[in-house]
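Novice: Following this message is one structure expressed as C-alpha cells.
The values are calculated or read from the model by the stated rules, or taken from the named source; none is laboratory data. Model, not experiment: these values are computed from the prediction. As a convention, Cβ positions derive from the backbone with ideal geometry for all residues, glycine included, and neighbour counts pool all protein chains shown. Ligands, DNA and RNA are excluded from the accessible area calculation, which covers all protein heavy atoms including side chains. Shrake-Rupley method; radii C 1.70, N 1.55, O 1.52, S 1.80 Å.
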Amino acid sequence: MPDPVPFDIPEDGKLAHNITHFARALRKAGLPVGPGRTLTAIEAVAAAGFTRKADFYWALHAVFVNRPEQRLVFDQVFRLFWRDPRYMEHMMSLMLPAIRGVQEETAAAAAARRAAEALLDGAEPPARPESPEADEEVRIEVDASQTASAAERLRTLDFEQMTTAEVAEARRMLARLALPVKPLPTRRLRADAAGRYPDWRRSLRAAVRHGGEIPRIARRNRATRWPDLVVICDISGSMSQYSRMVLHFVHAVANRQGQGWARVHAFTFGTRLTNITRHLKQRDVDAALRAAGAEAQDWQGGTRIGACLHAFNRDWSRRVLSRGAVVLLITDGLDRDDTTLLGREMERLHLSARRLIWLNPLLRWDGFAPRARGIAAMLPHVDAFRAAHSVASLAALAQSVSDPSDHGEKDRLMALLQG
C-alpha cells in the first residue's frame, strides 16, 4: 500500500465525482469495474470514513480488487490518482521517445506503464521547454526507415513492460502459435506395405485363400504415438505476469486439434502444487484461467520450488510421466529453501521425463549468470535452458522441443558455473 500522507478535505469537495473518475481509470487499466462497483465504492468510503488514508485505500481495495493479479495494477493507479503528482510526471516522461545514449533510460515498474496510460488516456505528453540555445544545439536525425514493424517490436517486447492493449494483442499472437512435436516410435508393429519387417502370419493367411500360393509377402513397420506435454508453472509474485502469458500459450496448445500432443497436463506452484489440467480443457481462455486462478490459492505469493517439485514427484510423476512426456518448467529459480532438496528433486524429475526444458524470464538480461543458489542447483539437471519473456521466446520453444540436441543457453551457463 502507498505510504499515507495527510489530506485536507474541503467542505464542498467532490469525493464521489473523484471516485467515479478513479473507477474509470481502473477500467482502462484492465480491471473489471462497472457502475455497480463504483456506487458500492462510494458507499464503502462513506461507511468507513475518511479520517485515515489507510481506511480509504482498503475500502476501495475491498470493492475493486477480487483477484490477486489485480492488486499491483490497483496500487499503481491509486498512487498515481490520489497521492503523488510528481509520480504522474515521471510516468509521462517514460512515454516520451528517448534516444539511446543521449539520456539515461529508466524502465517502468511492473504495471506502472499500464496505470499511467489509463490515467493519461487522450492526454499529450508535456512539451519540452525551448531554450534560447535551441537553434545552436546539434540536431540528431534518426532514420527509421529500416526499423522493425509494430508487430515485430511486440514479438520481442518484455511481457512485464506491455500496456493493456499490447497484452491483449500479445495474447492473440500466442493463441496462433504452434508447438509441433515428432511422434515417438513404439515396440508395437503395424501393417505397412513399405515396412522393413515381414509379416509371416498375414502372408500365410493370404496363402490359404489362394490355394497355398503366396501372392506377396506382407510387411509391417513400427507404430508411432504422440508424447504427452507436462507444464509446471511458477505463479509466485516475481513470475505473475510471465506465468499468465505462458498459461495463455499452454491453453492454445492444449485446445488445438491435430498438433501432435496426446495429452497436456498443467500444474502451478508457489507455496504449494496445484493441478489445473481440467480447467485448461475449457474452450474460452478467460474462463479457463479464471477457474485456474480460483483453484490456485497461492497466486502471487511466495516460492518453494523444492517442496513443490517434491510433491509433484511423489504424487504425480508416475501418473503423467510414464509415457515419455516432455516437461516444461517455467520459473525464475529464485528459491530461498534448502538447495539440497531442490537439486535432488530436479534430478529425479529429469530422470523421469523424456526431456526437461527450463524456461526462465531472467534470461532476457544480457549479463545473466547462475549466481543464485537455486539456479545453480537446478541448471545441471535440465536438457535445455531458454528464455520466456516475450512472444518470440515462446515461438522459439518449438525448436528445443523438436531437436534433442538443442540445449539453449545451458552449455554457456554451465561453463560459467564450473568456472
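Novice: In whole Å, what is the distance between the alpha-carbon centres of region 284-329 and region 381-419?
Specialist: So the separation of the two Cα centres works out to 21 Å.
Novice: Rolling a 1.4 angstrom probe over the protein heavy atoms, how many square angstrom per residue are accessible across region 279-419?
Specialist: Here the per-residue accessible area is 46 Å².
Novice: Which value, in nm² and rounded to one decimal, describes the direction-averaged projected area of the C-alpha convex hull of region 235-319?
Specialist: Projected over every direction and averaged, the Cα hull of region 235-319 covers 5.5 nm².
Novice: Measure off, as a whole percent, the carbon and sulfur share of the 1.4 Å-probe accessible area of region 294-373, all protein chains present.
Specialist: Of all accessible area on region 294-373, carbon and sulfur atoms account for 45 percent.
Novice: Let me ask something additional. Please compute the contact order of region 260-326 in relative form: average sequence separation of alpha-carbon pairs under 8 Å and at least six residues apart, divided by the residue count, as a percent.
Specialist: After rounding, I find 34 percent.
Novice: Same structure, new question: Residue by residue, what Karplus-based ³J(HN,Hα) values in Hz, rounded to whole numbers, does region 175-180 have, using 6.51, -1.76 and 1.60 with θ = phi - 60° and x for Gly and Pro?
Specialist: 5, 8, 6, 10, 10, x
Novice: Radius of gyration and Dmax for region 165-223's Cα atoms, expressed in Å?
Specialist: 23.1, 74
Novice: Run down the lysines and flag those whose C-alpha is under 29 Å from the C-alpha of Lys28, throwing out any fewer than 8 positions away in its chain.
Specialist: Partners within reach: Lys14, Lys53.
Novice: Taking θ as phi - 60°, what are the ³J(HN,Hα) couplings along region 391-397 by the Karplus curve (6.51, -1.76, 1.60), each to the nearest whole Hz, with x for Gly and Pro?
Specialist: 5, 5, 5, 6, 5, 6, 5
Novice: A further question follows. Taking Cα atoms of region 164-302, Rg/Rh with Kirkwood Rh, to two decimals?
Specialist: Over the Cα atoms of region 164-302, Rg/Rh equals 1.28.
Novice: Let me check I've understood the local charge: for Lys410, count other residues with C-beta under 11 angstrom from its C-beta, Lys and Arg +1, Asp and Glu -1. What total comes out?
Specialist: Counting the neighbours of Lys410, the net charge comes to -2.
Novice: Quick check: at a probe of 1.4 Å, how many percent of the accessible area of region 137-291 sits on carbon and sulfur atoms?
Specialist: Roughly 50 percent, rounded to a whole number.
Novice: What list of ³J(HN,Hα) values in whole Hz, one per residue of region 298-312 in order, does the Karplus curve 6.51 cos²θ - 1.76 cosθ + 1.60 (θ = phi - 60°) give from phi, with Gly and Pro shown as x?
Specialist: 9, 5, 6, x, x, 9, 9, 5, x, 5, 5, 5, 4, 5, 5
Novice: Dipole of region 155-281, Cα-centred, from +1 at each Lys and Arg C-beta and -1 at each Asp and Glu C-beta, to the nearest 20 debye?
Specialist: Value, rounded to 20: 1120 debye.
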